[in-house]
Each structure stands twice: as C-alpha cells, then as structure tokens.
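First comes the structure, then the notes that go with it.
Every number here is computed from the coordinates shown, using simple stated rules; none is lab data. What you are looking at is a predicted structure, and each value in this text was computed from that prediction instead of being measured. Every residue, glycine among them, receives a Cβ derived from its backbone with ideal geometry; neighbour counts consider all protein chains shown.
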Amino acid sequence: MALYPSLHRRICGSSIIANCHDDLGVRAWRRSSRLWMMPALTCLAFISSAWLTPPLGRLIADRQFRRHLSEYIRVADELKSGEISCPDSCRTRLGVINVGHQPAHVRAILAARCNDGSAVVVAFLIDTHVPLLHEGDVFEGYEDGNSCIKDSMKPEHRWPYMRQVMDRW
C-alpha cells in the first residue's frame, strides 16, 4: 500500500491496487497540468541569466551614459577652464568636487586637474544599487605622455577594470 492512500487512490483509481506504478510523479503531473514544463523552464532561465545579464547591463549603462553625455561634458569643460574650483586635494589625486548643477543620477564627482589646466580627469559616480557592476563614467582629458598626470591621478589605480565606451570616455 502507498504511504498516502488518498493520493494513490486518485492516481491509480482504487486503493485496492497495491503496486500501481504507471502514473506516478512527473508523468501524472504532466497529464493533470498544462504547466508541467515550468520548473524546467525556470531552471533554464536562471542558468542562462549568467550569460545574458552582463551584456544587458552594459547596454543599459551605455544608453544612460549617452543620455547624460552633454551634462558630463559641461562639467568636464568647466573644470578644465577653471570655472569649477578644484580643492588642493584634487591636484595630486582624485578628490571629491562640489558642482552646483550636478546631474540627478550622479552620487558624487571625483576629479583631478593640473595647475595649468592642461590635463583633467573626471569620474562621475552613478547612484546605483549594484556598485560592483557599474560604478560610473570617467573622462580622461589628457595625453598619455603628459608629465603633470601622476600615477595617483590615473583612474586605472582606483578602478582596474574599465572599458572604453567612446573616445576619452
């Protein structure tokens, strides 16, 4: 006799049949429900998400970057021209700067600037709940051979994994 007589009776049709193994488990569920593939499809979707989410995240981040590019360029140009003041700490390394017209989705702006304004690095830290996947966007307004830019000012020291979206960004 089965452990659950009512279930056995429902599946096999009678509690008298003791060795009914024809319609147990997945086969019985498949015949009684149209959603019998849902567990397998859910598992497949979960496994495939490891390959699908990084490109989707990059697509969303790039779209948001392009939407706010004009605001980023305005801040970088104002910092380079000297309209935005740079505290002493941002002359030797990336430091937080205060901007009156900070973009709405930006949590903080880090910047480094040479005294003569020949080189600028500006990092826009995005206000996101997933900081390890996408922290922000960086503008590198300097040439590689510029003697003013020290290693501590380069964004690669703070963020070793960067990908280029467009020229200087």
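Quick one: if the Förster radius is 35 Å, what FRET efficiency do Met38 and Ile60 give, using the C-beta to C-beta distance and rounding to 0.05? Don't skip to the answer; put the middle values down first.
On the way: r = 28 Å, r/R0 = 0.79.
Using R0 = 35 Å, I get an efficiency of 0.80.
Could you list Ile97, Ile73 in order of exposure, starting from the residue whose Cβ has the fewest other Cβ atoms within 10 Å?
On the way: Ile97 21, Ile73 13.
By the 10 Å Cβ count, ascending: Ile73, Ile97.
Cut-off is 10 Å between beta-carbons; in what order do Ser118, Ser70 appear when sorted fewest neighbours first? Could the numbers behind the result be given before it?
Working: Ser118 15, Ser70 9.
Lowest count first: Ser70, Ser118.
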